[in-house]
Every structure is written in structure tokens, then in C-alpha cells.
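The values are calculated or read from the model by the stated rules, or taken from the named source; none is laboratory data. Note that this is a predicted model, so its numbers are computed, not measured. Note: ideal-geometry Cβ built from the backbone for every residue, glycine included; neighbour counts use all protein chains shown.
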Amino acid sequence: MNKIIEVKNLTKKYGDFTAVDDISFFVESQEIFGILGPNGAGKTTTLEMIEGLRKIDSGEVTVAGINVSEDINKVKSMIGVQLQASSFFEYLTLEELLIFFGNLYEREVNSDELLKEVELLDKKKSYINTLSGGQKQRFSIASALVNDPKALFLDEPITGLDPQARRHLWELIKQIRKKGKTVIITTHYMDEAEVLCDRVAIMDQGKIISLDTPLKLIQELLGKGFEKKVIEQKANLEDVFLDLTGHGLRES
Amino acid sequence: MNIKKALISTKNITYYAIKAFFRDRQAIFWSLFLPIMIMSIFGVMKFDEAAKVNLGIVDEAKNKSSIQLVDTLKKIDALRIKEGDKDSEKKALEKGDRDLVLIVPQKFSEQIMAAPQNIDLKVPANWVPPISQSSKPLNLELYYNEGKASNVQVGQTILTQVFDKYSDMITNTPDLFVLDKKPISSRNLSYVDFLLPGIVAMGIMQMGIIGVAAGIVTWRERGILRRLLATPVHPATIIFSQIVTRLTISIMQSATIITLGVAVFHVHIIGSFLNVFILTILGAQSF
């Protein structure tokens, strides 16, 4: 299998605090790779170092065979980035923003096609601040796809979204993977990781404490004799919510 | 860094930033309507009037010569004359309604009477000016408002000149030198003419200081800067395009204000428009 991203002994320090502590992992081509962990575990910092947004203190990152420290712009032109709290220019329409971002990558952008992919075609003349949370996230993903990237980085994409919008976003991410792209996603929602990710790395205090497929991690835990105290219900509150409010997207 | 690439990105960012700017009503208000409003308000108000010196005259002599003096003073454009008695004029001075109060004493006419009335303009070569009999100068009291130094200064200069002239006439001293004042180009500058460059300068400074710096700060706060940095654009290109953006807006802003000034308030542009244009660019650049 083809390793698209390789991280070796990556470390980031802020003064005495070690945000990312000597981690190594790789991401295979066309997989959905999840980085899980509580807040402050170093997920975002790790991602931003791979994206070339943060200086690497020590260690090495290669994306598609190119070292991030050596040719940052080449790496940037091959990846798509959706930041945790990124916003866009007000007073530009979605269509204009996509063309704008395409120009930054020196690419002609078919904005209609991209917007259609994230189901925002009817909003192409709207400003960004008129969109709902889920629409903003989907647009953010569209803007990360303008350069037809090999790898897509999503930093906590479902935070703050309602169950319908979450499911919708998961479908979108799966579709993107089907088109041959690699997706690296950070989250602290375990259900998201379980549904979406092929492999997950669990981070805590700057270290990767476990890395495998979700199923194997669960089996490993069960193998240790773990048992849930409450017997699993056949449905949970989210199922109730979705049953009552429907699976369809609630946006206009 | 590839310069051609950087220029294309700059053009791109600039184009869209300007487009966004024109859709932002608040930005338009602060950069265009506010200066225009200031100009309109000050342009319509007649500030030329305020530049006059308020002179109060207390005529205690009330005779032909003193009335003649008051008339002479009234003809001077820069003075606004009010007459009254000593007490009321002094009160007006204290209130700030007068800049200067001149007291013409009763003895005023005597001094003039003492002078020869018919002035012979043909002066013989061996002529020596006669020494006036009452060579002791007469005191005219002049009260002034300390708070309005510049008006007082102007008023004093005018009065001094008037009395110099009077003394010369009375003592029969011919003017040996006359300043022949010939206005070469009477441009008749008004208040708005001085106001306009100030407003243009204010606009440029506002753009330079608030525009570029705050623009980048806002981008950073909103996470736009981070998103831009995730693309292969060089950070210097982003800052450069901000400068180009603000520069372009500055030029448009100055052009609007100047055009409006010329069209509505008949502002006189001294020098060429090209000079104004170049100065605008240099000014904006320096911020």
C-alpha cells in the first residue's frame, strides 16, 4: 500500500510545555484516518504542522514524498485544508470565494460543480454569513477541494452541528474518499470515528497512545475483560431524535 | 519566490478585497460619506465670517474727526465694528463678543486740529518737516481679549496702520515709500479650499493606519489569514496585496472627494491634478 503521509518523531514545544511529543505514524492513500483525543491533546497542532501552518521543532513530515520543511508550498498546493475556526471574507458570494481560492492555487475552478458536490449550488450567490453552521462547514470543505488535493485535512468538522447535519457531512466525506482522496480528520466524537474512520490514532498529552482500526481497538478492550455496566440499549436518544425530526437536512 | 506568481495572486486578492469593500456599507460610510459630510458641513457654514475681527469703538469725542475715523475703520473689510458706550463695550469684551475695544477720548479732535489742514503736495527740496506743536502723543486706550490672540494681533496691526497713516497726514509727512501691491493672480481662496486637502489627507491617513493594520488584524481574528496561509501564497504577497488594495481605495476616495469639492463647492485646485494624484499615492504609500 501507498503511504501518502509519513510522520517521524514529530515534536512541538511551547516553552516548557510539550504539545506534541515525539509521535510517528503514517497515513495510507485513500483511507480515512482519524486522530482522536480530548481537548488539548495536540490533535490540531499535529495537523497544522503537517499542513505547514506551524513550524516543526523536530522530526520529519513527508506528504506524497515531499518533505514539508523543505518545500512547504509544493505540499500546500497538494493538500486541502479545512481549519477548525476558519472564516471567509464577508461580502463575497460563495461562487466568488471559490474562484478566489482557485486563483490562489492558480487553477480554473468549476465553482458550480464544487458547490453541487457539497449541495450548496442554490446558495452560490449568497454571502458566507447567511449560511447555517452545517452549510458553512460544507462550504469550507468545498473551498478545501478547489485545488483537487490528494489529501484533505478536516479539523473537527462536525463540532456544533445537529445530528442531521453530522450524518450529511459524513456522507460527504465518504464520497470524497470514493473519488480517490485521502482524508485526515480530527475529532473528539467517538461515534464519528467509529462510523467514518478506517484507522484511528488516539492521542493524549501530546503522545499517540493507541493506533489501529476501530474494530480492533474495541476487540482489544473486550479482550482485557472489559464489560459495560449497563446493558446496551437497542436504541439511543439520538435515534429517538432522528426518528422524531427525520433524517433529512433541516436547512433552507 | 516567483514574482510573476506573486503578482497574479496580488491581483487576485486585491480584486476580490476591493469588491468586498464596496459591498461593505460600513466601510463605505467611514471612508467616503464621512469625509464628504464633513466637507459639506464646513463648506456650507461660512467660516470666512468668523475670521473677522470684532472691534468695539467707544466714541467719547463725537465730533467730525472722530466720526471720520470710525467711518474709515468701517470701510476695512477685516473688521466688524460695533459702537457703544464704555461700560457696555467692556462687558461685551469680557463676554468674548469683542476682540478689541478702542476708546476714542474727547481730546481726539484737538490733536487733529493742531495739524495743518491743507497739505501742499509740492515739497521744496530744502523742506524740513515742521515739528508739530503738540508733539506729545495722545493716548487711545485699546482693550483686548487675551483669549483671541490671533484676532487681536490682526486688529492691532490694522489699527496701528490706520493711526500711522493718520499721524503722517496730520504731521504732514509724505509717504516716502509706498508698497505697490499688485496681486498677480487673485485666486480668492475660501475656507473650503483649505479644508479639502485636510480631508483628503485625513482619508489617506485613515486608510493607511486603520485600513491596512486593522485589515490584517481582522483577517487574523476571523481566521481568514490562517486560511490564506494554508494555500501556497507567500505571506508577503498577502500583506502587499492589502497595501495595493488600500492604495487603490485611497485613490478612489481622494478622487471622489476632490471631484465633489470642485463640482459642488468650487474648490480651486492650484497646480495640476496630476500633482495631486502623485501626492496622493506618495502619501498613501508612506503610511
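When A:R54 is tested against (1) assigned to a loop (DSSP other than H, G, I, E, B); (2) of a type in the set (K, R); (3) free of Cβ contacts under 8 Å to residues at least 24 places away in the same chain, just one condition goes unmet, and that condition is (3). For the condition modelled with pLDDT of 90 or more, crowded, with 19+ Cβ neighbours inside 10 Å and more than 8 Å from chain B (Cβ to nearest Cβ), what is the one hit in A:V118, A:V61? So the residue among A:V118, A:V61 that is modelled with pLDDT of 90 or more, crowded, with 19+ Cβ neighbours inside 10 Å and more than 8 Å from chain B (Cβ to nearest Cβ) is A:V61.
Counting only residues that are free of Cβ contacts under 8 Å to residues at least 60 places away in the same chain and surrounded by fewer than 15 Cβ atoms within 10 Å (Cβ to Cβ), how many does segment B:211-238 have? So the count comes out to 7.
Here A:E113 fits the description: more than 8 Å from chain B (Cβ to nearest Cβ) and either assigned to a strand (DSSP E or B) or not hydrophobic (A, V, I, L, M, F, W, C) (or both).
The sole residue among B:T256, B:T231 that is assigned to a helix (DSSP H, G or I), modelled with pLDDT of 80 or more and hydroxyl-bearing (S, T, Y) is B:T256. Taking segment A:64-89 as the range and being touching a Gly at 6+ places or on another chain (Cβ under 8 Å), more than 28 Å from A:H188 (Cα to Cα) and either more than 9 Å from chain B (Cβ to nearest Cβ) or of a type in the set (G, A, S) (or both) as the test, no residue passes. The condition of being closer than 25 Å to A:T186 by Cβ and at the interface with chain B (Cβ under 9 Å from one of its Cβ atoms) holds for only one of A:L104, A:L92, that being A:L104. Take B:I238 and decide whether it is assigned to a helix (DSSP H, G or I), in contact with a helix residue (DSSP H, G or I) (Cβ under 8 Å, 6 or more places away or on another chain) and within 12 Å of chain A (Cβ to nearest Cβ). Yes. Selection over segment A:175-195 of residues that are over 22 Å from A:A64 (Cβ atoms) and charged (D, E, K, R) gives a count of 3. When residues in segment A:226-240 are screened for being at pLDDT 80 or above and touching an Asp or Glu at 6+ places or on another chain (Cβ under 9 Å), 1 of them pass.
Please determine whether any residue of segment A:65-85 is at negative phi, under 18 Å from the mean Cα position of the chain (by Cα), of a type in the set (S, T, N, Q) and assigned to a loop (DSSP other than H, G, I, E, B).
Within segment A:65-85, one or more residues are at negative phi, under 18 Å from the mean Cα position of the chain (by Cα), of a type in the set (S, T, N, Q) and assigned to a loop (DSSP other than H, G, I, E, B).
In the set B:L196, B:L159, B:L138, B:L176, only one residue is farther than 20 Å from B:I257 by Cβ and at pLDDT 75 or above; that residue is B:L159.
Among the candidates B:A27, B:A17, the residue that is at pLDDT 80 or above, assigned to a helix (DSSP H, G or I) and within 14 Å of chain A (Cβ to nearest Cβ) is uniquely B:A17. Please specify each residue of segment B:30-46 satisfying the condition of being loosely packed, with under 14 Cβ neighbours inside 10 Å and either at pLDDT below 75 or not in a helix (DSSP H, G or I) (or both). B:V44, B:M45, B:K46 - these are the residues of segment B:30-46 that are loosely packed, with under 14 Cβ neighbours inside 10 Å and either at pLDDT below 75 or not in a helix (DSSP H, G or I) (or both).
Taken together, the criteria place A:A201 among residues that are in contact (Cβ under 8 Å) with a residue 12 or more places away in the chain and small (G, A, S). Taken as a whole, segment A:44-52 holds no residue that is more than 25 Å from B:K5 (Cα to Cα) and in contact with a helix residue (DSSP H, G or I) (Cβ under 6 Å, 6 or more places away or on another chain).
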